[in-house]
Each structure stands twice: as C-alpha cells, then as structure tokens.
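For reference, the structure is listed below as structure tokens.
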Amino acid sequence: MKLSREISDDGRFVRQPNRFTDRLGPPEPGRYRVYASYACPWAQRVLIVRKLLGLDDLLDVTIVDPIRDEKGWRVPGGDPEYLSELYHATDPGYAGRYTVPCVWDTQDKRIVTNDFPQITLDLETSWGTSPNLYPERLRPDIDIMNDRLYHGLNNAVYEAGFSRDQQVYEEAVARVFTTLDFLEVRLAESEFLFDSLTDSDVRLYTTLARFDSVYYAHFKCSVRRLTDYPALWAYARRLYAIPAFHETTDFDQIKRHYYVTQTNINPSRIVPVGPELDWSL
C-alpha cells in the first residue's frame with residue numbers, strides 16, 4: 001500500500017496529495033474513462049454523480065477488483081492488468097499510491113486527473129446540470145460544508161483508523177463524532193444538507209454507507225453507530241433509495257476491500273459477519 005509514507009513522525013495519517021490535477025475537457029463520447037472501485041468512498045462519489053446526471057454514454061467506467069495488493073488495484077479483463085500501468089504511462093517516475101478514482105484520456109493516453117474532490121465538480125458544472133448538484137447560489141455554502149465534511153468525517157475516519165499514536169487517534173475520533181452530532185441536528189429538520197440534493201450529500205453518503213460496516217469497528221470509530229443517530233440513519237436510507245446511490249453501493253466489496261487489504265489493521269484478513277442492517281425505507 002505504501003501507506004507508511006503517509007504516516008508522520010508523530011503517528012498521524014497525512015493523505016498524499018493528488019498527483020494529476022488537470023481539469024476535464026468537454027465531454028466527448030469514448031474519450032474519457034474513469035477507473036473506480038465500489039469499495040472506495042472517493043470513487044463511489046464519481047459513480048453516483050455519473051448516474052445522477054445521466055452521463056453513462058459520455059463517461060466510460062471500469063470497476064477495479066476490490067482486493068488490492070502490493071501492485072495496486074487489479075483491472076478485470078487485463079488491459080491494463082493493474083492500474084499502476086496507467087500511472088507509470090503518465091508519469092514514469094511516479095512513486096505514490098495508485099488511487100481511484102482516476103480519469104484516463106484514451107486519446108492522449110494519459111491520466112488527466114486523480115483529484116477526487118474536483119472530478120465531481122467538473123462533471124456537475126461542465127458535463128451535466130440536471131439535477132443541479134452544485135447550484136451557483138449555493139456554491140460558497142457547499143464549499144464550506146464540503147470542507148467541514150472532509151476534515152471532520154470523510155478523511156477523519158482514516159486519520160483515526162491509520163493513526164499510530166493514542167492521542168492522535170483520540171483527536172481524530174473526537175472530530176468524527178463532533179461532526180456526526182452536528183449533522184444529526186442539521187438533518188433533524190431537513191431532507192438534505194441544503195434545500196435540495198447537492199454535491200455535499202453525495203460526499204456525506206459514501207462515508208455513512210461504510211460507517212457501521214467498516215469504520216465503526218475496523219477504524220475504531222466506535223463511540224456511536226450510524227444507526228444510533230435517528231435523523232442521520234433516516235437520511236442515509238433516503239439517499240440509498242435513490243437508484244444512483246444504491247446501485248453503486250456494494251457492501252460485500254466494501255467489507256472485503258477494507259478487511260482483506262488493510263493488513264496493517266487486520267492482519268488475519270478475516271472479514272466479519274454482519275452487521276445486519278436494513279437499508280430499506
């Protein structure tokens with residue numbers, strides 16, 4: 001995983017910067033292909049937005065195998081055999097982790113971007129506008145919310161799970177549950193984070209979908225479960241009822257990826273049974 005490179009001297013997980021940050025050009029059928037994993041929350045965001053905006057014919061997709069080894073993500077079908085081949089074709093000296101999502105330009109034969117926060121925004125502003133997931137009038141508020149979600153929840157669960165210091169771990173866990181408590185209050189009186197479905201809801205959902213199955217036990221974010229938050233749990237199930245969300249949510253792949261791949265946390269590679277959750281409304 002090369003994860004050790006992302007652990008600071010004080011035991012803190014510091015996510016590597018995204019190496020490829022070019023912006024997506026205008027949509028051209030057959031030109032762009034996103035490599036994604038149902039297991040990865042960052043990649044699922046792109047899959048959800050692609051379906052919500054009806055971009056299936058404009059943005060091709062390859063789903064990688066959920067079990068990742070020292071060579072990185074394996075590509076079913078074998079062309080390329082591993083995602084790392086695309087990274088090295090774009091930058092022969094690349095030495096970081098090979099991450100999803102990334103968008104491959106089949107015309108220029110290079111990775112355009114693996115900048116997961118920006119990919120969905122590009123799709124929402126340049127490729128499709130219905131539903132409007134990033135309305136101009138709300139963009140400053142959405143940006144603030146997305147930043148809060150990232151530092152307080154989306155990435156904070158990883159900071160807790162990968163930390164190698166007790167104090168660092170406890171600080172990350174405190175941020176996780178402070179953020180969940182804030183969201184519980186906000187969603188007790190609102191169907192979505194804003195007055196309609198937005199990019200922020202997509203970013204929150206992919207963490208909530210993994211919370212009780214993975215983050216609660218595997219990442220030791222075990223103060224409370226998602227199901228202990230009535231408003232958040234109802235909100236997560238409302239989103240799951242939308243086809244773009246539940247069609248891209250694969251709990252089996254999620255569990256197998258985390259518990260089998262992250263042997264620094266789970267050396268036995270045993271995938272736990274459960275939890276038994278009813279995601280239906």
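The values are calculated or read from the model by the stated rules, or taken from the named source; none is laboratory data. Note that the structure is predicted; figures quoted are calculated from it, not measured. Cβ sites come from the backbone with ideal geometry, for glycine too, and all protein chains shown count toward neighbours. Remember, those area values only see protein heavy atoms, side chains included, never the ligands or the DNA or RNA. Shrake-Rupley method; radii C 1.70, N 1.55, O 1.52, S 1.80 Å.
A compact table of results
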read-out	value
Proximal lysine pairs, the chain, alpha carbons under 30 Å, eight or more residues apart or interchain	11
Rounded percent of accessible protein surface that carbon and sulfur make up, the chain, 1.4 Å probe	48 percent
Euclidean distance of C-alpha centroids, the range 208-280 and the range 52-82, integer Å	21 Å
Within the range 126-281: Cβ-based charge dipole about Cα centre, in debye rounded to nearest 20 (Lys, Arg +1; Asp, Glu -1)	440 debye
Antiparallel bridge percentage (DSSP; both residues within the chain; nearest 5)	75 percent
Rounded to the nearest 20 debye, dipole of the range 93-212 from Cβ charges on Lys, Arg, Asp, Glu	460 debye
Loop sites in the range 70-129: chymotrypsin sites (Phe, Trp or Tyr not before Pro), DSSP, at most 16 other Cβ within 10 Å	Y94
The chain: relative contact order in percent, alpha carbon pairs under 8 Å with at least 6 residues between	21 percent
Spin-label proximity, K109 to the range 11-45 - amide N less than 18 Å from point 7 Å beyond Cα toward beta carbon	31-33
Rounded accessible area per residue of the range 74-130, 1.4 Å, Å²	39 Å²
Most to least packed among 204-213, 144-153, 183-192 [average Cβ atoms within 10 Å]	204-213, 144-153, 183-192
Value of [θ]222 nm, deg cm²/dmol, for the chain, DSSP H segments ≥ 4, -39500 (n - 2.57) each, nearest 500	-10500 deg cm²/dmol
